[in-house]
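First comes the structure, then the notes that go with it.
Coordinate-derived values only; no laboratory data. Predicted model, so just to flag it, every value in this text is computed and none were measured. Ideal geometry is used to build each Cβ from the backbone, glycine not excepted, and the neighbour counts take in all protein chains shown.
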Amino acid sequence: MLHELLLALLGFTGDLIIDDRERVGLSPDDSISDQCTFKLAPDISFIEPEERDIIQNIIKLGFYYRELDQFASKSRNLSWIRSRNESPLSQTSKLLKEMNENQSVYRRAIANGIVEILSVYRSAVLLIEQKLMSDSIPILATVTQGLNKFLVLLPPLYELILEFERDAIYGGKLLNLLYKRCHCGIPELQTCFKRLLWHGHQVMYNELACWMVYGILHDQHGEFFISRQQKSNYDHDASHTKNIRKMEPVSNSDQSLSDWSMGFDISVEMLPVYIPVCVAESVLFAGKAVRVLRNPSSSFRSVDVLTHQETGPLTFKESLKKEPSLNATLTGDELLPQSEADKIESMLKNLQESSEFNKISFEEAIGSIRTIAASHLWQLVVVRADLNGHMKAIKDYFLLAKGDFFQSFLEGSHELMRLPPRQSTAEADLMVPFRMATTKTISDDKYFSKVSLRVNIRSNQVDLQKSKAFGDGGLGALSDISLDGWDGITLEYSVDWPLKFFFTEEVLTRYRRIFQYLLRLKRTQIELEKSWESVMQQGHLDFAKRHNNHENNKTSQQTQQQLRPMWWVREHMVFLIRNLQFYIQVDVIESQWNILQSHIKESRDFTDLVGFHQAYLSALISQSFLDIGSVSRILDAIMKLCLRFCWKIENQDDVSINELEHIAEEYNRKSNSLYTILRSSRLAGSQRAPFLRRFLLRLNFNSYFEAATTNDLSLQKIAALNIPHRYHNNL
């Protein structure tokens with residue numbers, strides 16, 4: 001009886017102690033039972049009822065032991081690993097079977113912890129056997145005393161694995177469950193769960209090391225809180241090949257960019273509850289940064305490497321003044337020195353060797369690793385890839401800082417843009433004045449080769465050929481036509497690795513939006529200047545004709561007299577457009593550019609740099625009112641009116657005074673509305689546009705706009721009766 005009881009405590013039943021599962025034809029290797037099936041045989045009559053209850057209570061430990069041992073054996077089974085002697089088809093089928101059975105590295109680690117606990121339990125049973133064999137002592141009392149603490153430990157462990165199997169818990173979910181179970185009032189049980197959690201953390205630290213030291217996501221079963229997004233996965237015939245490809249290094253810059261922007265993400269489902277999301281984001285960034293640093297593009301050539309090898313902010317400032325020099329192809333060891341990788345690995349190793357998980361120490365270590373990765377990525381992008389040079393080029397061309405180039409381009413394309421663009425040749429047509437402007441103004445700009453001109457003609461543009469004289473449609477045409485079909489002119493900038501991580505497609509799209517706005521404004525300004533030049537030339541010709549033809553002298557002078565008030569309208573337009581240009585180019589772009597430059601020189605962190613650049617772009621858009629629909633619509637309407645006015649007044653042979661007066665009235669309403677919105681407390685009184693007050697002061701230096709907006713209704717009535725009188729009185 002003694003040996004059969006001891007064997008039952010180790011999970012082996014017999015005649016005295018039986019297993020109900022075997023009686024109903026179930027195998028002990030089947031799924032875990034949700035209740036104890038070990039029982040004392042009912043036909044045993046020599047055991048007293050009190051002793052039967054004690055034995056029945058004790059043999060539950062044998063049941064728990066067997067279930068825990070089977071769980072550990074199943075979880076630690078490595079037979080699915082490929083064998084060299086097996087065929088590829090057999091290997092694939094076994095791997096698929098393994099995945100279907102929810103194999104888990106974390107479960108395997110927890111199983112190792114359970115094996116440790118069960119080994120202590122077996123030692124306790126062996127000690128009991130030795131005592132009972134050496135001395136004549138009460139059997140049940142000795143067994144109960146020796147295994148009493150396991151009556152506290154094994155039942156919760158059994159419930160734990162039962163929950164694992166029932167709810168298919170794995171990965172980070174498993175760590176969450178163990179962390180929750182650690183908060184109990186029984187010291188021995190708490191120690192036991194902490195030990196299991198420690199085993200689970202060993203896997204997590206190994207995955208962190210792969211990710212943050214080598215940039216490799218080694219997560220075959222999708223258990224890590226960093227995961228590859230599904231749309232970035234490769235399509236392969238076999239699922240095991242897909243998992244292997246996930247761990248392979250990136251081979252080209254396009255894939256590297258895809259991995260950086262959308263390749264990896266945080267799996268909130270697998271994120272342990274005791275790790276904050278901000279820390280997980282640091283882990284994600286550090287791994288992606290290391291992945292970039294260890295897999296440089298083969299076509300990348302470093303700039304000013306000697307500066308990179310030194311340290312200190314002064315070195316960076318000097319590097320901006322030095323002439324860039326090309327270097328040989330870089331390797332991952334140059335971008336991330338082995339000493340730094342060893343430092344990262346050492347920090348993770350110290351965390352791994354700690355007996356308990358310390359949240360503060362963990363967050364500090366992750367923060368330090370992120371700082372190292374961000375610093376080296378900053379040096380790659382800012383110093384080696386010459387970020388400042390590319391930023392200056394984008395400012396020159398996308399923000400029209402190179403004014404002489406765009407002045408030459410728009411003057412050269414002035415006549416071409418008077419005609420509607422042809423769908424098939426618009427871009428080629430524009431390339432002629434574009435190249436001429438390049439020849440005249442661009443001499444030794446090495447970045448200009450990365451700039452290219454594009455024309456996107458919108459299909460819903462109104463065909464301007466329907467109104468060749470620009471006046472057939474009256475005032476209705478003003479609201480139907482945007483500036484014209486040339487609104488689709490934009491620039492493209494060729495960005496190479498690793499600047500693609502900084503100048504993403506989203507960033508370039510925002511730059512293109514600002515460029516199109518500034519180009520329309522510049523074009524409107526040039527059209528206003530050209531209209532004055534054209535009319536002055538025509539005036540000189542008319543003056544010569546009047547001396548030769550005295551009969552038409554009176555008619556010509558009458559026409560000139562009628563058009564004279566319109567030149568006051570043009571002066572109003574020029575005044576507004578030039579002040580708006582000055583505000584955007586100087587008060588907005590230059591001031592924000594200086595702020596960004598100071599941040600670039602002071603920062604040593606890539607993520608901070610990205611944040612500063614995003615703030616810079618947001619400031620440009622918001623302070624230029626591109627994100628306020630009402631303001632941007634009014635500005636577009638004003639530019640339309642200016643262009644229509646120029647086109648009509650230049651065509652003096654077929655000029656309509658009534659149409660010009662309608663344009664003037666509409667312009668007056670729009671400009672007054674613009675001033676009213678801009679001077680509102682919501683804009684002028686906020687920090688959104690800190691230099692807006694200067695712009696308003698320039699516009700309203702003689703209180704004209706203020707008077708016009710205050711007496712808008714009365715002014716409109718006067719203008720309807722006598723628009724020339726109105727402009728004479730106010731000016």
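Working out 0.36 nm times the residue gap between residue 12 and residue 342, then minus their Cα-Cα distance, what length gain in nm do you get to one decimal? Additional length available on full extension: 113.8 nm.
Pairs exceeding 21 Å between alpha-carbon atoms, taken from 173/343; 402/500; 392/640; 522/648: 173/343; 402/500; 392/640.
Protection proxy ranking of 433-442, 60-69, by the mean of other Cβ atoms within 10 Å over each peptide's residues and highest first, is 60-69, 433-442. Spread over its residues, the convex hull of the C-alpha atoms of the range 173-225 is 70 Å³ per residue. Working ranking of peptides 391-397, 262-268 by packing, defined as the average number of other Cβ atoms within 10 Å per residue, highest first, is 391-397, 262-268.
The phi-based Karplus calculation (6.51 cos²θ - 1.76 cosθ + 1.60; θ = phi - 60°) puts the 3J(HN,Hα) values of the range 422-439 at 8, 4, 8, 10, 4, 5, 5, 4, 6, 5, 5, x, 5, 5, 5, 5, 4, 4 Hz, whole numbers, x for Gly and Pro. From most to least packed by mean Cβ count within 10 Å, the peptides 36-42, 373-379, 621-627, 287-293 give 287-293, 373-379, 621-627, 36-42.
Size of the range 579-705: Rg and Dmax of its alpha carbons, in Å, are 18.7, 64.
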